[in-house]
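For reference, the structure is listed below as structure tokens.
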Amino acid sequence: MQFNALPFPGHEREQAALAEVVTDLGKGLPAVVTIAGRPGFGQCALLGWAARLAADRGLRVLRAEATLGESGLRYGAVDQLLAPLDESGHGIRRALAGPGPDGRLPGLAELLRTARDRPTLVTVADVGRLDPASLRWCGALIRRLPGIPLAVLASSTGGPHPGWSHITSALGPVPVTQLTLSALTDRDIATVVALICGEPGEETFIAAAAEATAGDSAVVHEALRRFAERGHRPLAARVPELRALIASVTGEHTTRVLSGLPESAVAVLRALAVCGELLDLPLLYTLAGPRAAREPGLRATLEATGLTVASGTGLRLRNADVRARVLEEMSAAERADLFTRAAELAHRAAVPDEDITRLLLSARPAGEPWAVHTLRRTCAAALRAGRSAEAIACLTRALEEPMEPGSRARLGLELAAIEVLTAPEAANRRLEEIIRTEGDHFARARTRAADLGLTRGGAEGLRRAVLSALPAARDAERDELTALFWLSEEVREDDTGLTLADVPPMPDRPPCPAQAGARAWQLGRRAENLPLTRELARHALTGQEGDGALILPRLAAARALFLTDDVEEAETRLDVLHTELRRRHARAASALALAIRGELHLRRGLLDMAERDVAAAERALPHARWHPDTVPYLSAVQIVVSLESGRSDRARALAATAPPTGERQGTAWAYLLFAQGMVDLSDGRVSDARERFLSAGRRLLRRGHLNPALMPWRSMAAQACHAAGDYEEAGRLTREELALARRWGAPSALGWAQLGAGRVAREQRADRLRDAVRTLRGTPALLAFAGALTELARAELDAGDRCAASALVTELATLTTIHRPSSRLAERVRTLTGKVGRPAASGAVPHPAWATLTEAERRTATLAGHGRGNREIAELLSVTIRTVELRLTGAYRKLRIRGRAELRTLIRATEGYGTDVA
């Protein structure tokens, strides 16, 4: 169905008025009608409809359409009107083209004479574009209408045209009608959809059509016509196709309009497309060029195009489709130049950074310092808002600006730190390029690039780059690159492709903080010289701070402090480091620091805190963005935390979906194997567990990781061997672990080894377990201590000593106050409690007000009653010290006691409180 054959939904009143004019014309009555409205609102279509109606009724129709191209052509529109009257093809039109005076009004008398014999309808489209001669001619025609059977229908774009309104303002007996068209409403569009598509449209489809076309009648009809021709139905599922067609129709209209505009108008439209909502109209004219500000009537011309709408005191383009087409009509060089000039104007006008950045992203290099500063500020704001892709785009664009080499390297480092979120391989290549850059002034950049890349885990290419940089490195740079190279051993199994002759060994007591961290980790994993390990780790963590301190050596030093049982100090340093890394937006390093802190909390039995850390690590760097050589470490911590928290199903799922170990040989894969072995052992698959534990051990031993404080794989493998009946192998493994733990000397490592030996002992089992409990009491290894208490309570029950077992269960119950009820430890306590029954209390009964305490108050009061300080309670329960104080105050009031001393007396006097709390 053709558009012109359709009725005009929303314009029924206008149709009726035009039909009446045509009817009256058939009776010999003259009239003048002007139809105004925005471009595309249907003025020309209504003129065409009225012309066809008049022709169908036998009236003569003369038509003209004013265009921009003919606006400077004398009598251009009149020539179109009179062409049908010039039967010879030369007479009237030759007079129009002649040099005679305008007062002659050629052809007017002939038109009026013939109209007396045959009523005539004259239509003039877009009177705002009439050339001056044609406008005067039309005015003369209209003044002579009284008594002549001739009607004039005209259309104008925008509001009524001032020149035409002046002509029609005083006609006397001839009726003059002004019709103003408006945008189609949703109901009108629904009618058009039903007419063109042959069925009613769905509500979502109608709303989308209204929103995309802004009620533009011409666009609605043309887009729907093409939509129907493709056989589509007006359903919500077809909205994308409809939007695409509307964009295409709008673009075609924009192109047609642009082709007929003067250069100054096109220049302003382009300026509007670039920054129409950022700059006021005078600045837009400045951007468009010197002619724009001096062009008379330019704003009216722009408004008449239909491509712009009023916005405050200025203008803006109608929609995004118009903006896109205006920009597409420019060459790439023209666009880049325009965006550059727009950015400079916006900078001078103090436009917000984000808006200037939007311009700079499409501009050629500005060559000014303000451009880089603006891009970096916008990058920082985008990172704070979590828009990493935008931040990467800002820094990538900033690198296109001219700058000195050192600044370029620092900017490249910043970009690589955040590129791990979207393009990790590109980040590694960028870092390798920086490391291989020659020149003394790049020394700091080279070490930081190596540090950043190796911390994430991309070792092979980066290690080669470090090797290439070492021969020319001097002093501090050489020391730091050496430290980083040896620390990168963690993720490599062999160095067959590398030449190690140029890598110097580290001294026993290196003064360089980076080498101190590497050396501390080296000693710690080999179980050599605990005091020196602690000393070097502290030097690495305090000898250099701030942006100048390397990341990987400090992470290694913090992990070394795990092994020496200085976990509180390690946690403090990790907190500081994590804060610094977040400020530097080093996402990969920040995520690794969180995962390491999660392991620390796991060792201390703070499961809630461990769970929060590993979740935060994955938020900082999504699992899929971790390097293949480091992601197994995160998976391992997640698995063990889930297992200890009592979420066995989640632990199994994580273990099943973790990256396959295969031929991977880095130490992170040993952690994953160990965690998977823990799941196997929990589910009773002792053979699988044994193989995983031993495989993890082989990987560690191959890298020289002897210290059992790293991972108690020997005692766990011994437990699996014992369950499988291989008592000899179980004994060998525990003896080896005990010997290494004694050599190392850390109480936690020794206590864990003693626990492992007690678990598989066939003689004097209780004595061995008592040794483990004595060693572990007071150490930060809370999970190991709880395990030792559990095993000893079971041994005492097996020996028939229920009283001793009851005391151990009571102490275990105290530990469960920091665990959720579903944790494995809490479940073990409930099981043991059921076996030993409620401990005898010498007639004591629970305090009658104990039940009135909230769960949080009971946990806090129990810990306080067992001698824990407020700071320690706050840490164990993951709350603030102030919260602890408020909970204790509430507990004191409800229990009607006056302080901590009475609370301790109350809890000691009432056997079984700990069990109740659990």
Calculated P(r) of the range 172-293 - Cα pairs past 22 Å, %
52 percent
Write down the Å³ per residue value for the convex hull defined by the alpha carbon atoms of the chain.
250 Å³
Once both label points are put 7 Å beyond Cα along the C-beta direction, the D280-R57 separation in nm becomes 5.3 nm
Ranked packing of 870-883, 631-644, 385-398, most packed first, by mean Cβ within 10 Å:
631-644, 385-398, 870-883
Evaluate 2.2 N^0.38 Å with N set to the residue count of the range 291-435, then give the Cα radius of gyration divided by it.
1.28
Measuring from the longest principal axis of the C-alpha atoms of the chain, the long axis of helix 43-56 (C-alpha) lies at a number of degrees, nearest 10, equal to 40 degrees
I want to check the label-to-label distance for A472 and L85. Put each point 7 Å from Cα in the C-beta direction and report it in nm to one decimal.
8.8 nm
Lys, Arg +1 and Asp, Glu -1 on Cβ, resulting dipole of the range 132-273 about Cα centre, debye, nearest 20
580 debye
Show me the ranking of peptides 263-273, 562-572, 185-195 by mean Cβ neighbours inside 10 Å, starting with the highest.
263-273, 562-572, 185-195
Within the chain, helix-based [θ] at 222 nm, where runs of 4 or more DSSP H residues each add -39,500 (n - 2.57), nearest 500
-20000 deg cm²/dmol
Please give the helix 881-895 orientation as an angle from the longest Cα principal axis of the chain, in degrees from 0 to 90, rounded to the nearest 10.
70 degrees
Please give the FRET efficiency for L532 paired with R464, using the beta carbon to beta carbon distance and R0 = 30 Å, rounded to the nearest 0.05.
0.40
Karplus (6.51, -1.76, 1.60) ³J(HN,Hα), θ = phi - 60°, over the range 676-690, in Hz, Gly and Pro reported as x:
5, x, 4, 5, 4, 5, 5, 8, x, 8, 5, 5, 5, 4, 4
Looking at the calculated P(r) for the range 108-161, what percent of the C-alpha pair distances fall above 15 Å?
49 percent
Stokes-Einstein translational diffusion, the range 200-245 - Kirkwood Rh over all Cα pairs, 0.692 mPa s, 37 °C, in µm²/s
319 µm²/s
Would you grab the residues whose amide H sits under 5 Å from the one on A31? Only those 5+ places off in sequence or on another chain, please, with H modelled 1.01 Å from N.
L150, A151, V152
Computed FRET value (nearest 0.05) for R871 with R774, which takes r as the C-beta separation and R₀ as 30 Å
0.70
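To the nearest 20 debye, what charge dipole does the range 668-722 have about its Cα centre, counting +1 at the Cβ of each Lys and Arg and -1 at the Cβ of each Asp and Glu? Please list the in-between numbers first.
Details: 8 positive and 4 negative charges, 62 e Å.
Once rounded to the nearest 20, the dipole reads 300 debye.
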If I fit a long axis through the Cα atoms of helix 567-584 and take the longest principal axis of the Cα atoms of the chain, what angle between them do I get, 0 to 90°, rounded to 10?
20 degrees
For T308, residues with placed amide H under 5 Å, excluding near neighbours:
R318
Largest-first principal axis extents, alpha carbons of the range 693-837, Å:
48, 31, 26
List, in order, the whole-Hz ³J(HN,Hα) value for each residue of the range 779-788 obtained from phi through the Karplus relation with A = 6.51, B = -1.76, C = 1.60 and θ = phi - 60°; use x for Gly and Pro.
8, x, 7, 5, 5, 5, 4, 4, x, 5
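Set the Förster radius R0 to 30 Å, insert the Cβ-Cβ distance between M330 and E252 as r into 1/(1 + (r/R0)^6), and round the FRET efficiency to 0.05.
Numbers: r = 17 Å, r/R0 = 0.57.
The formula returns an efficiency of 0.95 here.
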Each label sits 7 Å from Cα toward the beta-carbon; between T396 and L235 the label points are separated, in nm, by 3.8 nm
If the rule is a partner Cβ under 4.7 Å, which cysteines in the chain fail it?
C44, C138, C197, C275, C512, C721, C803
Mean Cβ-within-10 Å packing, highest first, puts peptides 236-245, 770-779, 126-135 in the order 126-135, 770-779, 236-245
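All of the numbers you see were taken from the coordinates with simple rules; none came from a lab. Quick caveat: nothing in here was measured; it's all calculated off a predicted structure. Quick reminder, even Gly has a Cβ in these numbers, built from the backbone with ideal geometry, and neighbours come from all protein chains shown.
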